Each structure stands twice: as C-alpha cells, then as structure tokens.
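Participant: Quick one: the structure is below, and I'll ask about it shortly.
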Amino acid sequence: MNTVARVKTRIWVFQVELRSDFDELAVDFKHEEAVALSTALPDLEFAGSQVVKIFHFKPATIFSKQKLAELNQLINFNKVNVVFLNCNVTPVQQKNLEKAWNVKILDRTSLILEIFSNRAATREGVLQVEMAALSYQRTRLVKAWTHLERQRGGLGFVGGPGETQIESDKRAIDLQLKTLERQLRKVVKTRELHRKRRSKTSTPIISLVGYTNAGKSTLFNKLTNEEVLSKDMLFATLDPTVRESVLQPGLPVIVSDTVGFISDLPTELIAAFRSTLEEVLSSDVIIHVRDISHPNTDSHCEDVLNILQRIGLDDKIPVLEVWNKIDLHPENRKLQQTVSILNKRNIYPICASIGFGLDNLKNGVVNIILARSDRDVRTIPAKDGKKRAWLYRNGVVESEKLVDENYKMFLRWNEKQRKQFDLL
C-alpha cells in the first residue's frame, strides 16, 4: 500500500517595525519570539523570516506598493503558504494582503489561538479555545477568507476559512458562543467543586506561574516527582496540572502548574481561560518562575505580573521569585555568591533541570508557610486517635506530652488548618 507523505504548510515570518522608533535589541527579542511562535505548530514548516522596516503603516495594506511587490516576490520564490505578521493587523489589511499575496495571513492573536487549539487536551481547554477563537473572529467579519478553501481541521486560521456562517454572520457566532458558554459552565462547575474540596483541606496550595518556556513544568516535575510534558517550546503546558508533594517530612503541599504567559496575550484568551487562571487566586504561595538567562527577562516579568493583576490577584498572597536557568546566566558565579542576600528578598536562583537550588527553594516555601501560621496548644484525649492522627498527618505538631490520659499537643498551624480541625 502506497502512502502519500503529508505536505506541510510553509510559513514565513515578517517582523514589521517603524523606522522612526527602531530599537535593534528590542526588535531582535520580538523577532526571536515570533519565529518561536511560528515553529510551535507541527503542521507548519518554517520557511524563513525577515525584519521589515517601514516609514508608516498604510491603512489598507500596511506596506507601500513597492514594498508589497518586493515581499510578494520573496513569498513566491520560497513557495510560502502562510505569512505571520508580528504586528497589529486590521481585518481590512488582512483581507487586502491575502488578495495581493494569495496566501493566508496570520496576526499574533490568530497564531496563538491556533497553538492553543493544537495543545488543548481537556474538554475545558478545548471549549475555552473555541470561545476565544469565535470572539476573535466576530470582530473580523469582513469576508476576508472566502477565497480560500478549508484544508485542515482545527480553528481554520492556518488552513482555511472554516464554516462560512461563523465568519459572515454575527448572529450565528453569538448563538454558538452561547452554546459553548453553557457547556463550559458545566465543566467549570466541576473544577470549582475540586477547588472547593481542596480549600476545605488543610494542605497548602502552591501555584507555579511564569512566562512561557521559563521552566515551570521542569520545576513542577522536580517538586512532585512527576513526568508531565516539559519541552523547550512555547506553551508546552496548556491545561493546568495539580499534584501533591512533600516539601519536608510531615508537610504535604499541593503544587499546581499553569499555562505560560506571553507578551500581548490575546484578550479573548485571558477572558476564556479566566476560570483556569483563577486557580492561582486560591493559592497559599505563588512561585513566579523566570528565565533569568533571557535578555528580555525583566519585560517578561512585567507581562506576568500585569496578567496576574488583571485576574485580580490578592496582594496578601506571598510571591516567591525563582530565577531559573541560572547556569546559562553570564554572571552565574556572582549570583551563586549572593544567594543568601537574594533569599531575603524572596528571590531564589535555581537550575531546575539539574536540581541546583531546589532544597533552598523548598526551605523558603516552608518558611513562608510557617510564618503564616500561629502556635497553639490543644488537649486531645488519648482515646481520640482520629484527631491526633489528623494533626500528625497534616504536619502541624511541634511536640506533645502525655498528661494522665490526655495528650497535650503543641501545634503550629494556619487558620485554614485550625478551622478544618474544629470540624472533626
């Protein structure tokens, strides 16, 4: 039986910048990230990329007629099927460029949505991405894609127009959005039940957040002895993962890995994934993982903090900053010599891949958990083994004394643990 090899869609990246405020270093970072986005989908074959400098954005086509023709020759010569423009593209500009170049045009939002669609594994993730995609398409109903045929499944950003009704009729989109919202509400109820169940337990919850590809999943695996997907790629983790871990004997915690953030994360995605992101809001401790070796790490940090602020993060939740990939930092030795100073600022240099600094990080998390707890003394009858076992199982016992037929228990616990114990 003869098998026909599947021909991949060839994608070209244009990083479009104004000459008037061109910053070579900043543009290099954006260009590098744009290339990484374009190679994040298995169906796309990276054909090449180029930084394009222009004097101003043309309202109809972004580029001047001369530049439009020049780029068209480049596209044809390299047999490109899809062009990714890492800049703001209006619906009219998209329509006109697709007509002029006879290729599919992707902007940042549509490509990120396509990546999320490809990675979504759970029912909730699929519904969230579909809702975000429809919300995005609703704003771009200019019949821009009717000249292209659908070539593959998924959202249709890469391969073709998808269903004509979705693209041309807002009422049809609104109807489908309402249907998806009803389905998502049912799934979200299940997640909320799980969240409430965890909140009723006394186990502290630790959430990992950070820019995409900062090393959250690698750190998650080290803390929990799990083997979740961990790759050097954007958005390797999409659906949140929750596992139990023991930071020190007698102190179990719940560790949650979340979707990675990125600059200019589409508003539609933040809205659709709000229920997932809100897992972070119920945390006892947040670990903000940064790729400290990345030249643009400071702006990545700002992007993450801005998104956390947008979803309503409580200032009372302590945040530890983890400087991951310290082994790749040019001042590696200097950072290692200042670990104790950094720790006082709740900053922990680590290399998650080899385990460097993890014990120090665990101690830091334990110290914060203990600092948020109070000492107490309870008298437990010797025959009440259930309550005594609960105290030991949750790691709140500092010492005990047997007085007559009662145990005098010296405890250190937080308010959530105390309330849970009182319900026994």
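Laboratory data are not the source of any read-out in this text; all were calculated from the coordinates shown. Worth saying up front: this structure is predicted, and the values here are computed from it rather than measured. Don't worry about glycine lacking a Cβ; one is built from the backbone with ideal geometry, like all the others, and counts go over all protein chains shown.
Participant: To the nearest 0.05, what FRET efficiency results for residue 376 and residue 264 with a Förster distance of 51 Å applied to their C-beta separation? Before the final figure, lay out the partial values.
Facilitator: Values: r = 48 Å, r/R0 = 0.95.
After rounding to 0.05, the efficiency reads 0.60.
Participant: Still on this structure: State the dimensionless ratio Rg/Rh of the stretch 268-424 (Rg: radius of gyration of Cα atoms; Rh: Kirkwood radius). If you can, show how the numbers build up before the last one.
Facilitator: Values: Rg = 20.5 Å, Rh = 18.6 Å.
Expressed as Rg/Rh, it is 1.10.
Participant: Mind giving me the nanometre distance, one decimal, between the label points for residue 331 and residue 359, set 7 Å out from Cα along Cα→Cβ?
Facilitator: Placing both labels 7 Å along Cα→Cβ, they lie 2.7 nm apart.
Participant: Related question: Calculate the FRET efficiency for residue 246 and residue 314 from the Cβ-Cβ distance with a Förster distance of 30 Å, rounded to the nearest 0.05.
Facilitator: On the way: r = 26 Å, r/R0 = 0.87.
Using R0 = 30 Å, I get an efficiency of 0.70.
Participant: A follow-up question, please. Could you give P(r) for the stretch 31-86, binned at 5 Å from zero, as whole percent values over all Cα-Cα pairs?
Facilitator: Reading the bins upward from 0: 4, 16, 26, 23, 19, 10, 2.
Participant: Continuing with this model, one more query. Which length gain, in nm to one decimal place, applies between residue 54 and residue 8 when the Cα-Cα distance is subtracted from 0.36 nm times their residue separation? Working shown, then result.
Facilitator: Numbers: separation 46, 0.36 × 46 = 16.56 nm, distance 3.06 nm.
Between residue 54 and residue 8, full extension yields an extra 13.5 nm.
Participant: Going through the stretch 325-424, which trypsin sites (Lys or Arg not before Pro) have at most 10 other Cβ atoms within 10 Å and a DSSP loop state? If you can, show how the numbers build up before the last one.
Facilitator: Numbers: sites: 325, 333, 334, 344, 345, 362, 372, 375, 378, 383, 386, 387, 388, 393, 401, 408, 412, 416, 418, 419; in loops: 325, 345, 372, 383.
Within the stretch 325-424, the qualifying trypsin sites (Lys or Arg not before Pro) (loop, at most 10 other Cβ atoms within 10 Å) are 345, 383.
Participant: Just flag the GluC sites (Glu not before Pro) in the stretch 325-424 sitting in loop per DSSP whose Cβ has no more than 16 other Cβ atoms within 10 Å.
Facilitator: Values: sites: 331, 398, 400, 405, 415; in loops: 331, 405.
Within the stretch 325-424, the qualifying GluC sites (Glu not before Pro) (loop, at most 16 other Cβ atoms within 10 Å) are 331, 405.
Participant: Taking amide H positions as placed 1.01 Å from N in the peptide plane, with prolines and chain starts having none, which residues 5 or more places from residue 52, or on another chain, fall under 5 Å of its amide H?
Facilitator: Placed amide hydrogens put 15, 16, 17 under 5 Å from residue 52.
Participant: If you don't mind, there's one more thing I want to ask. Cα-based Rg of the stretch 50-111 per 2.2 N^0.38 Å, rounded to two decimals? Provide the component values of the computation, followed by the final result.
Facilitator: Working: Rg = 10.8 Å, N = 62, 2.2 N^0.38 = 10.6 Å.
Dividing the Cα radius of gyration by 2.2 N^0.38 Å gives 1.02.
Participant: Same structure, new question: Using the Kirkwood radius built from alpha carbon pairs, what does the Stokes-Einstein equation give as D for the stretch 333-381 at 10 °C and 1.306 mPa s, in µm² per second? Each step should come with its number before you reach the end.
Facilitator: On the way: Rh = 12.8 Å.
Estimated via Stokes-Einstein, D reaches 124 µm²/s.
Participant: Using DSSP to define loop residues, name the trypsin sites (Lys or Arg not before Pro) in the stretch 73-116 whose beta-carbon has at most 11 other beta-carbon atoms within 10 Å. Walk me through the numbers on the way to the answer.
Facilitator: Values: sites: 79, 95, 99, 104, 108; in loops: 79.
Sparse-neighbourhood loop trypsin sites (Lys or Arg not before Pro): 79.
Participant: Moving to a separate point now. Any idea what the alpha-carbon Rg over 2.2 N^0.38 Å comes to for the stretch 3-114?
Facilitator: Details: Rg = 13.9 Å, N = 112, 2.2 N^0.38 = 13.2 Å.
Ratio of Cα Rg to 2.2 N^0.38 Å: 1.05.
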